[in-house]
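Okay, structure first, notes after.
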């Protein structure tokens, strides 16, 4: 099932009133993450508080008000797609992910790669090799985001072509 198919399924099952548009759907073999854009909080001239606090309160209110419905939609999707479903919301440029998975990943590294992870630990950047490797992955994603998105789009296109190909 392609990302487009998942996005279509969730667009059909998520109430139109929740988000300002169709939710964004990301998936891997373990998890599907559904994130929608919330309307910004209503602020009046008398509001002098921290705007970020108002945004976080808006996301929290959405999370609480939609919990039962999100749980029902997730249960149906988890049964259908065989993956855990996680949720999140974006409001005024701030994205908050609700309970998401952390999945152990096995890798084999030679001494030079292990030395990099160990250096990150010694420098206090990470508490473990696992955390150091996650830090490295986030760094690559941040610095090579455009290339990664192009690669993801190409792989989505390959999946669509395979699906459309001869049986």
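Using mean Cβ contacts within 10 Å as the protection proxy, how do 117-128, 97-108 order, highest first? Please list the in-between numbers first.
On the way: 117-128: 13.3, 97-108: 9.2.
Averaged packing, sorted descending, gives the order 117-128, 97-108.
Over the Cα atoms of the chain, what Rg and Dmax result, in angstrom?
Values for the chain (Cα only, Rg and Dmax): 19.5, 64 Å.
Could you let me know the centre-to-centre spacing of the range 48-82 and the range 134-167, using Cα atoms, in angstrom?
27
Computed over the Cα atoms, what is the radius of gyration of the range 104-167 divided by 2.2 N^0.38 Å, N being its residue count? Intermediate values should be presented prior to the final figure.
Working: Rg = 17.0 Å, N = 64, 2.2 N^0.38 = 10.7 Å.
Normalised by 2.2 N^0.38 Å, the Cα Rg of the range 104-167 equals 1.59.
How much of the calculated P(r) for the range 1-81 lies past 21 Å, in percent of all Cα pairs?
On the way: 1207 of 3240 pairs.
Roughly 37 percent, once rounded to a whole number.
Summing -39500 (n - 2.57) over the DSSP H runs of n ≥ 4 in the chain and dividing by its residue number, what mean residue ellipticity at 222 nm do you reach, to the nearest 500 deg cm²/dmol? Kindly include the intermediate steps, with their values, before the conclusion.
Working: 5 runs with 89 residues, N = 167.
Using -39500 (n - 2.57) per qualifying helix, the result is -18000 deg cm²/dmol.
Since every read-out is calculated from the coordinates, none of them should be taken as a lab result. Since the model is a prediction, treat every value here as computed from it, not as a measurement. All Cβ positions, even for glycine, are placed from backbone atoms using ideal geometry, and neighbour counts span all protein chains on display.
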